[in-house]
Structures are given as C-alpha cells and as structure tokens.
1. Failed condition for residue D:11, given (1) buried (at least 22 other Cβ atoms within 10 Å of the Cβ); (2) touching a residue at least 60 places away in the same chain (Cβ under 8 Å); (3) more than 13 Å from the chain's Cα centre (by Cα), with all others met?
2. Exactly one condition in (1) away from chain C (no Cβ under 12 Å); (2) within 18 Å of residue B:52 (Cβ to Cβ); (3) hydrophobic (A, V, I, L, M, F, W, C); (4) open to solvent by less than 40 Å² (accessible area, probe 1.4 Å) is not met by residue B:121; state its number.
3. Anything in region D:196-212 that is without any contact (Cβ under 8 Å) to a residue 60 or more places away in the chain and over 11 Å from residue D:77 (Cα atoms)? List them, or say none.
4. Please go through region B:209-238 and give me each residue that is more than 15 Å from residue B:177 (Cα to Cα) and under 19 Å from the mean Cα position of the chain (by Cα), ordered by number.
5. Among the residues of region A:180-236, write down those that are of a type in the set (Gly, Ala, Ser) and farther than 26 Å from residue A:162 by Cα.
6. For region E:106-118, give me the residue count where each residue is within 14 Å of chain A (Cβ to nearest Cβ) and either open to solvent by less than 10 Å² (accessible area, probe 1.4 Å) or closer than 29 Å to residue A:107 by Cα (or both).
7. With the checklist (1) closer than 18 Å to residue F:44 by Cα; (2) assigned to a helix (DSSP H, G or I) in hand, flag the one item residue F:250 doesn't pass.
8. Quick one: count up the residues across region B:20-64 that are under 16 Å from residue B:8 (Cβ atoms) and among the charged types (D, E, K, R).
Number of protein chains: 6
Amino acid sequence: MCNVKLENMDWISYREAIQDGRCRIILPVGAIEQHGPHMSLNPDVLIPSHIAEQVAQQCDDVLVAPAIAYGYKSQVKSGGGNFFPGTTCVSGSALEQYVYDVLMAYVNHGNREFVLINGHFENSMFLCEAADKLVKQCTLRGLEVRVYLLSYWDYISEETIAKVFPDGFTGWAVEHGGILETSIMLEIHPALVDMDRAVHVDPATFPPYDVFPADPSWVAESGTLSSPVKATAEKGRLILDECLKGIARQLRSA
Amino acid sequence: MCNVKLENMDWISYREAIQDGRCRIILPVGAIEQHGPHMSLNPDVLIPSHIAEQVAQQCDDVLVAPAIAYGYKSQVKSGGGNFFPGTTCVSGSALEQYVYDVLMAYVNHGNREFVLINGHFENSMFLCEAADKLVKQCTLRGLEVRVYLLSYWDYISEETIAKVFPDGFTGWAVEHGGILETSIMLEIHPALVDMDRAVHVDPATFPPYDVFPADPSWVAESGTLSSPVKATAEKGRLILDECLKGIARQLRSA
Amino acid sequence: MCNVKLENMDWISYREAIQDGRCRIILPVGAIEQHGPHMSLNPDVLIPSHIAEQVAQQCDDVLVAPAIAYGYKSQVKSGGGNFFPGTTCVSGSALEQYVYDVLMAYVNHGNREFVLINGHFENSMFLCEAADKLVKQCTLRGLEVRVYLLSYWDYISEETIAKVFPDGFTGWAVEHGGILETSIMLEIHPALVDMDRAVHVDPATFPPYDVFPADPSWVAESGTLSSPVKATAEKGRLILDECLKGIARQLRSA
Amino acid sequence: MCNVKLENMDWISYREAIQDGRCRIILPVGAIEQHGPHMSLNPDVLIPSHIAEQVAQQCDDVLVAPAIAYGYKSQVKSGGGNFFPGTTCVSGSALEQYVYDVLMAYVNHGNREFVLINGHFENSMFLCEAADKLVKQCTLRGLEVRVYLLSYWDYISEETIAKVFPDGFTGWAVEHGGILETSIMLEIHPALVDMDRAVHVDPATFPPYDVFPADPSWVAESGTLSSPVKATAEKGRLILDECLKGIARQLRSA
Amino acid sequence: MCNVKLENMDWISYREAIQDGRCRIILPVGAIEQHGPHMSLNPDVLIPSHIAEQVAQQCDDVLVAPAIAYGYKSQVKSGGGNFFPGTTCVSGSALEQYVYDVLMAYVNHGNREFVLINGHFENSMFLCEAADKLVKQCTLRGLEVRVYLLSYWDYISEETIAKVFPDGFTGWAVEHGGILETSIMLEIHPALVDMDRAVHVDPATFPPYDVFPADPSWVAESGTLSSPVKATAEKGRLILDECLKGIARQLRSA
Amino acid sequence: MCNVKLENMDWISYREAIQDGRCRIILPVGAIEQHGPHMSLNPDVLIPSHIAEQVAQQCDDVLVAPAIAYGYKSQVKSGGGNFFPGTTCVSGSALEQYVYDVLMAYVNHGNREFVLINGHFENSMFLCEAADKLVKQCTLRGLEVRVYLLSYWDYISEETIAKVFPDGFTGWAVEHGGILETSIMLEIHPALVDMDRAVHVDPATFPPYDVFPADPSWVAESGTLSSPVKATAEKGRLILDECLKGIARQLRSA
C-alpha cells in the first residue's frame, strides 16, 4: 500500500509524483465542533480525511494534503451553534484566505487540479469563494486550474438512507451528531466514540429564521440535532463504501 | 396607509418613529441575477422588498430600509452561475462589510432589532457573518442587538407547495426562475414578466459536486433551473400571502 | 419610451443591448442622509438616479444600473455630519470594495465604459479609488476600461446659479439641503418634500478645520447648511435641464 | 529655542513632556509629488512640517511627530495626476491604516489630542476616515480623544490672496505648483526651488468630470496647474505668517 | 496515560477539563516545507506537536489543540526558500488571522492562557502579531489573557549542542534539515526519515542580504542548509529530553 | 557633491536620472523607538538614512527615497518592548501595505531594482512580505523587479566587533541602545546623544520564550538591553565605515 499523504513524502519523491502534471491534490476541510457527549470534537476533520486517503489509494495520481482543521462558525440549525465549549471556529475571511493561500502554494508546485472534500456544512460558501478567487488569479497568471468542491454526504443515495434509517429518515438538516456521523466514526475511529454516553434526542425542529446572537435553547442540551443511539459501525461501513465509490468514480472520470 | 420606507421620511419624522427603541428595521438583501428570458434581473431584490413593505404595513414599529441590490456570486446549482450576462454579483467580503456597516449605522441611530429578508440563496452565509460580527461589536459597545435572518421561501408550507405544484414539486434546489419566483413576480410586478418568452426546461439535475471554473453546460440555455411555464399570478398571491402571514406573525411575537 | 434601467430587462435582452461593446453603464451613487425636516433621506440617491435615467433616454447605448444607495460618512461641513438619526453611512473601504466589485461584474459581461454619477460629495475620493483599482486590474487582464466620475452639480453654470440665487449665491460649500437640492426634489419627487416644514437658516459658517468626534453645535438644528425656503420646482427644472444637457453632451462626444 | 520635534527627544524627556496629559501632537501629512520643473518633489511634506514646527514653538504643550511622507494618489485636477515620474503615492487604505496606527501609538503613550496638518489635498478623506476610526476605537477603550484635521491653505484670507495675486486670483483649484506653494518654498527652502526652470502656464481648465485612466493631455507638460513665475519669498512669508498665526491661535484656544 | 489532545475529547469532557479556568491550551504551529530528500515535509508540524503532547502529559491542566499545519513562506536563509516543490506556505496575513481566530475561539470557551509552540522559524513575527492583537481585543472585552510564544530550539543548552555536534556546531542559522531536526525525527517518527537518502552538504554560507525573487543557487540542491548525515535517534532523544524538561518546567512555574 | 535624495530633485531631473532603467532606489526603513535616556527616538531611521545617502554618493545610479519612519511593534527581547512612551509603532499589515505601495509607485516610474535598508530588527518579516508580494504582482504585469533587503548590522565583521568590544561582545541580541547604536549616533548625530544621561546596565538576559502582554520587568528601567557607556564616535566611525564599504561593494557588483 503506497502512502498517499503528501506530507509524509520527501520533497524529491513529491516532485516526482506530481511532475507529469496529472496529479490531483485532495484537501480535506473540516471543523473542530462538538458532536454530542458521545463523540470527539473532530469528526468533521477525520471523516473527510479518511475518505480522502481511501480515495487516493484507489485512484492514480491523487495525493492528500494536510487537512484544514478549523472551519467556519458552527450555526445552530446545522451544527448546534458556535457557543458550545469545544466548538472552535474561525471567521469566514480567515478560512477563505487560508485555504486560498494553501491552494495557490500547491499551484506553484505545478498542480492544476484540486478536490476539496468538505466535512462541515458551514464551510461551503467560503470554500466557493476561495476556489473562485484562486481560479481567477490563476487565469491572470495564464494557468488553467480546476477545483472540485464536494461534501461527502452528497454521495449518499436514497437506498442507503433507507437502509440506515429503517424507521424513516428525519432529514439531512438534523444530521449533526446523529446516526450518519456517529456510524462513520464508529467504523473509522471507534476509540473516539463512546456509545454509553450517547443521548437520545428527538429530531430538532427550528423556526424558519436564524437569530443572532444565537439562542441556545433551540438546541438539545447534548448538542446533537438528532439521536445517535441507533448508530452502528456497520451502517458507517455502508455509508462510507458508497461515498468512497462515488468520489473515486468521479476522480477517475474527471 | 402610512409610509414604511424610511428613506422617504425626513429625519425628524424618522427620529420620532424610532425614539422609543422598539422599532425593527427590515433590510431586504437581494441580487441582480438572470432569471430566464421571461423575467427581469431583479426578482431577488423586488420580492424581499415587497414582502418587507407589506409586513411593515401590517405590524407596528417596523420600518423598511433601502435594499441591498447586489448580492453574492450566483452559483450554478442555485442561481445558474456567475457567467451569465446580467448576473451582476459582488464578492463575499464586499457584501459582508457593506451590510455590516449599514446595520451599524442603524444601530448608531438607536435601533436594536433588525430583520434581514434575503431574496438570494447565495447571500446567506455572508449575511450570517455580518450579523455575527455586528452583534459581537455591539456587545463590546455595551449594546444588546438582535438580528433575524430569514429567506422568505422558508415560510412556504408543504400545503402551499402542493397547490402550486399539482403535478409534483421538483424540489427547492431547482426553484431558480421557475414557478415560485415567476408566480410571485407576476403578482407583484407583472410588467417585468413576459410569459411569452418563458422557456420550458426539465428540472435541472447536477452532479454531487461543484466545480470552479463553473461549467456552463450544466445549466439550460435559458438560465432557469426548472420550468416557469405554469407560473400564474394566482399562485404568486397564494405564496406571498403565506410568507407575509408567517413573517408578520413572527415579528409580532418577537 | 424605451426602458433604460438594466435591472428591468431580462438577461437575453440585456445581452443584446450590450453585445456590440458600445454600451455605457451609468451607476448612480448616493447616500442615505438627512436633508432637513422638509425632505426625505434619499435626495442623494434619487437625483443622480433621475439624471441617469433621463440621460440614458436621450443617448444611444446607455443603460442605468441599480444605484448604490448607502454612501460614505456624512461630514459636518458638507453634509451636516454623521450623527443625525437617518444619516446612514458606510466606511470608505466598504463603499470602495462594493463599487469596485459591481463595476467588475459589469466588465465581466463585456462592458468597457462606465459613468459614475455621484450625488453625495463625501463619496468622491472612494469612488476615485474604486475606479483607479478597476482600471489597473482590467489592464492586468488585458482589458481597456474607462470610468467617468462626475458629480451632477459640476454641470451647473454661473448663469444658472445667478437665476436660482437672485439674492446672491451663498456658495457650494453650504448647499446641503438648501435651495439646489430642494428645488430639484420639488421637481422630480414633490411628494418627498414638504415645504411647510422647511426651516430658514443662515448659511453655515465653519472654522477652517475639521474635528473628530464632530461637534454637533456647528450645524443648525434643522440639519441643512443653508436655507431651503426659496426652493421651487421651477428652479429645480432649470438646474436639472442644464445638468442633463451637459452630461448628455459629454456622453455623446465621448 | 526648545526642540519641538519629538523624534529628537529621548524617551524620558518625552514622557515628562506629555505626562500631564495636555500635550497636543501635530502630525504633518504630505506627499511625494511633482510640483513642476522648478521645485523639488516634497513641498507637500516640507510645508506642513515647517508650519508644524513653527506653531509648536509658539504654543505650549505641542510636539511635532515625524511626518507621513507618502500620501494618497495625485489626481489630475488637483495635483496633476498619478502618472508623472516622481509622483510617488500610496493607496487610500494604506494611508488610512498607517496614519491610524501611528495615532493609536501616540494615544497609547497617554496623548489625547492630535492635529493633522495636511499638505496634500488628496489625503483629506482618508485622513477623515483614520481620525473617525481612531475616535471610535478609543471610545470603546474608554478614552476621549480629539483629532483636528486641517489643511494649511484654509487659513489664508482673501486679503492675503489679493496681495499675492495682484492681477487676480485664478482659484484654489489650480494652485498646484503655482504661486502659493512656490512662494512658500522660496521662503522656507530656497535651495529646493530654481526659478530659472519655472515654466509659465495658463491656469488649467478641466472638463467637469474625472476620467480613469487619467488623460495626461489635460495637464500642462510642466506639471503645474498654474504659473509659478510670479512667486517670491516675500509672498511666501506673507502667506506663512497668516497660516501660522491662524493655526497657533486655534491651538491656544482649543 | 490520559489523552491530552482536546480534539479527541467529547465536548462535555472538554468543558469539565477547562471549567476551573486553569487550563493552558498549547497550539503547535508549523509548516509544510521541504527538509531534504531524506525526510518528510512535516517535521515543523510533527516536532512541536510531539513536544506539546509530551509536555501536556507531564503537566497538570494542559491540553493540546489541533496544530496549524501550514506556516509562513519559507525563506532561503532559514528554510531553503519558498520555491521548492513541497514547500507549501501561506501569506503572513492569512497565518496571523487564522491563528488569531483560533485562539479567540478558545478564549470564548473560557480559556485564558495559551502556549504557542512554534516549529518553523519564519512564523515567529506573524505569531507575535496574532498574540498581540488577541491580547488587546481581549482587554477590550475585559478579559485577561496571556500568550506564551516559544520555539522549541531555544530550550537547547550549549552543553547539549556540544554533545550533538562533537566536531563543532555550525550555527543555528543553518540548522534546516540538518542534524538537529533529523535526529529528532529519527527519534519520534523514524518511518518518515530515510538516512540512505541523506545528502551531505557543507554548512550553507549566505550573503548578508536577502533578495526577492529568491535565488535558488544560494541553496544546496538537496534543500538542507547543513548536513544531516550524522543525525541519530540518540541525539534526537537528548535534544528532546532537554526541550521537554525546559518547557514543562516553565509551564509548571507560570 | 551631487544630491542623492530623490525628494529634493524636481521631477524632470528625477526622470532623467532614472530613464536608462539602471537606477537603484534605496528605501530606508526604521522605527520611532526608545533607545535609552541618552539618545533620541530616531536612531533606527537616522542610521539607515545616513548609510543610504553615503552609499548613494559612492555608487552610480543610486537614489535615496524618503524613509519609512514608523516601523513594526518593538519586541521586548530586541527593542525593549512596545510599552515605553516614545516607542511609536504600527501593525505589521500597515507597514507591509505602506511599503508595498511605495515600492510599486517607484516601479510605476520605471525603476526595477530596490534596496531596503532596515534599521529596526522587528521590521524584517513584514518587509519580506512586502517585497515578495511586489515581485509577484510585477511578474503578473510582465515586469522583472528585484528587491534587496538588508539590515546594516549584518555587514559588521567579527574583527570590528572585537575592536568595538575589547572586553568581549555581549551578543547581537542585546544590542538595543547599547554600544553599537550609540556609537554610530555619536558619529553621525552627536547632538541627539547625551552621554551624561547614559545608564549602565548589565546585558539583558531573557527567558527562552516571549509573553503577551509583555512583562516590563524583563527590561532595565532605562530601556536599553546593554550598556551604552563605552560608546564613542570613533567606534561609530569604525562600524559605519565597514557597513558602508560592504553595502557599496554589494551595490556595485549587483
């Protein structure tokens, strides 16, 4: 099994790996954010990192860059909110500029194609902005660059959802710290999940607006937006398999 | 019928209207963006502005501020993309800073409660950031400020959707320039819609990722993500009524 | 009468209107600012918008873009100061970046010539900066772009001034909320002026310096820097006619 | 004659000089900008610096800070334009942030009152912005700070103008590199003026708009906007005396 | 052995760990940068991370935050330069803002004391700036925050240097990819070092200036500034022991 | 003796001096910072300015630009710290942007080679960043620009150190306000040094870390990091001679 994490390569080997200009660099982008009392703060980093490494091993010409660990501010309706101890988030401009600079550094090595695998919903628009600015600046420099931006959950089919939620799916919107993320973590990092601490909560319901400052009473005390108690490693395996296949297929065809 | 647009008031009248500290300022935020060959470029501005004015007339202590017309860059999967002539968008930081400064100016007049009515999906995260920073800076200044952020379409019920889409709803994701927006515009600005130019398109389907630079072939030539041909003013009235009621109820209870 | 506001066009029509590369885009830039107890907060937006639309109707290949409503901070000696309720201003960098982004979006459609019609004195230098940066960035992109920046009052001749001020002109410096602006508003938006509330004030006199924080005692309680009581719609017509002719002549010869 | 330039003091002496909290810090702000073939590039720095030092010697509790030498971009109609070799200008945000930081550093020493003496017209609005932000940030910190902003030419009376321009004043707008600045430089830095190289030009006339990129043909080849040939040191003395008296009187009364 | 990496804790446990306000958060800051053909790209991340974890296990009330992996641009004379493939660096402002935001997020949880362990010389001044701004903003918020900033190599004594370099120390300036870093990596991550690929180079000598753009001929082809060939895990152990003791002692006494 | 300060030239002469494209512009960059009770606040400006002028007189095609007087925040271990009255420092981004803009203005005149002579250690990394960004932006514009960055003290040999410190050198790290700077100032600006006020202090010793906020007790009350009492003009001459020779040699060979 070859190593796909570029940070573990020496620079000569890295140069060889990318020198034909066909290498795709995957950059996992996540967040440090509470995911309930039963799980560590880093699923949004570890899951896209895991997917990135697996995909890289299944595809030619793919390397994985060190992940961006700190993401944009958690929002109440998607991540529980930015007021939980442990939820450790940065501003949009900091995330955008940092990701932009990182991508441009990889461009300067000669890379032209990037895949951002996002593990934290709130990052999306700031990653769009970083990618858009990168492409425009590269165009000015006479370089054709392409950035794919994806969130792994968009690769999960309705069939899989039906299997993972035999009692009915409560919706993507409340899948924070619930069955999906917990199941994946049970599969890839069981030591970071303690199902004895998992707290059942009913799926969160929210008013149709957001409010600032956030109102902590909108969220269950445990911090998750739906119940993780029916999570299993087997479900995680099912989900991951589908995500991996979908993303790998995309990279092979791109 | 009292005038609710604050820009039309003289400053003494405005001062009187807000002096008891109970006034809520509604700031409509939109975009200049293509919405198909059958409709003007400004539905994302006109619809939230119309809703704002109607709501203000139905509630006490509400004034409408001049709208923010230019919004964040149109994305392919929600607005057709930023490459259409007529789609006229600004960067995230420009939008964020401009909205922040506008809100802070209203804070300096003595206002403490704001409602951002968003008419352009892509604006959302940058409005979050502006609101979050405003609240934090006001806290530093010893001021308690509250910002509500809402997109009008989040007030539409499944019942209404069922009536508006008797043949089945093709989903929120493709409602750009389709039945919803076109119907509302037919109701409030019929002169800006020409149904003779409406082009039928099948609901757009997209890969599970985004790509930068955007690929124009992902979007129908007409620019809409679903078909506007079954739009009617009557449907627009139905939708608007529900949005207005919902938002007005919220303002009254807040 | 053809429609000249581009926001009211559908994107296909807009594309046709600009496709020969000869279109000039006029961007009115104003402010929300007190103009005395007798007038609304928006003359600095409405006047340049009106001029823009009139000019566009008299010239070929001219379209009017949605106005920038919120301008740079009102200064005591030119606008009464930034401490009046209703005076709603943004920072210089916010204005500069927002205008820059808007202009660049129009460049991206294929437009190469712009006319900024300014209605608020304090905007000037920040519009200079936006225009200068736009031109430089476009040069980098290999695009030749031209931006005209004008304030409508610079088109008023001494002859007209003599007619409008038969008792002697008190100077441009104090023409905030005075005869000039009030007369124009009486002509174009009489519903937004209430001459019964007009307050006579002597022309403001100021020390030769500025001070921060501003000293409200420098300004008359009414907020204007000179007296509006002799304003008439007829005077407004006279002024407007001259501005329109001058600006239209310039656009035709450019 | 005591030394009034704070940079020449050791820190203990400086601390003593400001410790009663009554000290006013004068910050000269200028530009490096062509002023015709007969004069050096630095009148906009040297003149306000000279005035600052003279005023400081005539008033108690005034110290002069090292000048800001590089100012905002020269504009055609006030400084000839930013395309002349030797005209060396910075962006508005750079000037604003640099001046803001310098003033805040003096605040941190315990100073609360500042006088910005501006020698370059184009700086004005960016100095406003720096002063406004300084005052607001100091207010947040619980500090009452006051910033006076002045341009020395605003202290010249009509009487003096009549004496300096016996043949009639051609207006402030074209006083770039003309009689006023040249006369002052002849008085304070005769070695930097060579009247043999002074070129007569008729007073510049400009269209009522600005254009970007600037059109060099609008300006005389020599770079001045009016003729310097009648400048004399005596006229310079007259002007300076009046400026000094006016500014000193203001500082004594403040 | 308790876990000291906060990202591996669930949020309730984290909250408990920090709730008495005595916790110190260590943030390792590094870089992705070539370190010769014999070593991976991440020693500047892995070494401070290792030290952080070891120190945290030896001290009470210390947690380790996820490291900042991408650091400021490698300079020729300290890191070989920013032109090597694999050297992946960000701008100073991106690093500063990202670190600032991360620290402020930890402040918002209730933490008041931070230790930045730097593994990449070029980061230092930007970390100073982030720390300085953090402290000032916290002071505005009424919070007393303290940030320690240290580079681990500053804890190595002359005695240790004498042991590690029995043939004479070639100086700190050239210790990039040389004996020190290689020895530590051999001790903590032997799988990421391949001494068979280590290239002997004489200690680099440089002119007394820097030049931009950098001149690649100043650096040995291998990328290191001195020879790694005499590196051993034993030397690494010696160095690490001393760093760990020194830093742990400091944390206990602070 | 020809004049080498470009600010003292008229623009026509300056244009002639640089028109063959071979001119090097030296930009001295310093700081306003306490240097003990025996010396003015400006050695970091005056010393590089003096060196720049001397070098320019000894080399062809070299001009000296007006110095940047205000530098980056003084750090305790190199400059005593940013809390002394008189130490007047700006943020890193302000310095970087201001220097960048100044250099770009000189590029716009046609200059392609720059020498930054730094007199304040803390400036270094921000000058790196300004130079790096300048070079990259110029490359985008198709211009080949070169920036040399040097600190004068790097040109002092061990032989000179041995002569200047016959009792043993206490190290570069503590040479703030000590023998080196004081001796140079005695040589070039004796009026700004008062050796009667010089305070003996033992060479400062510091912990191996920095702390924010800074701890004033780390620094001697006088503000210097070593003793200036053995400074003499003769030593200053010796040091300066060597710096001048070294820098001039470099400019001649470049």
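1. Of (1) buried (at least 22 other Cβ atoms within 10 Å of the Cβ); (2) touching a residue at least 60 places away in the same chain (Cβ under 8 Å); (3) more than 13 Å from the chain's Cα centre (by Cα), only one is false for residue D:11: (2).
2. If we test residue B:121 against (1) away from chain C (no Cβ under 12 Å); (2) within 18 Å of residue B:52 (Cβ to Cβ); (3) hydrophobic (A, V, I, L, M, F, W, C); (4) open to solvent by less than 40 Å² (accessible area, probe 1.4 Å), just (4) comes out false.
3. D:200, D:201, D:202, D:203, D:212
4. So in region B:209-238, the residues more than 15 Å from residue B:177 (Cα to Cα) come out as B:209-218, B:234, B:237-238.
Within region B:209-238, B:237, B:238 qualify.
5. In the first step, residues of region A:180-236 are kept if they are of a type in the set (Gly, Ala, Ser); the result is A:183, A:191, A:198, A:204, A:214, A:217, A:220, A:222-223, A:226-227, A:231, A:233, A:236.
Across region A:180-236, the qualifying residues are A:191, A:214, A:217.
6. Qualifying residue count for the region: 4.
7. Single failed check for residue F:250: (1).
8. Qualifying residue count, region B:20-64: 1.
The values are calculated or read from the model by the stated rules, or taken from the named source; none is laboratory data. None of the values given here were measured: they were computed from a predicted structure. Cβ: placed from backbone, ideal geometry, glycine included. Neighbour counts: every protein chain shown. Heads up: the accessible areas ignore ligands, DNA and RNA and are worked out on the full protein's heavy atoms, side chains in. Shrake-Rupley method; radii C 1.70, N 1.55, O 1.52, S 1.80 Å.
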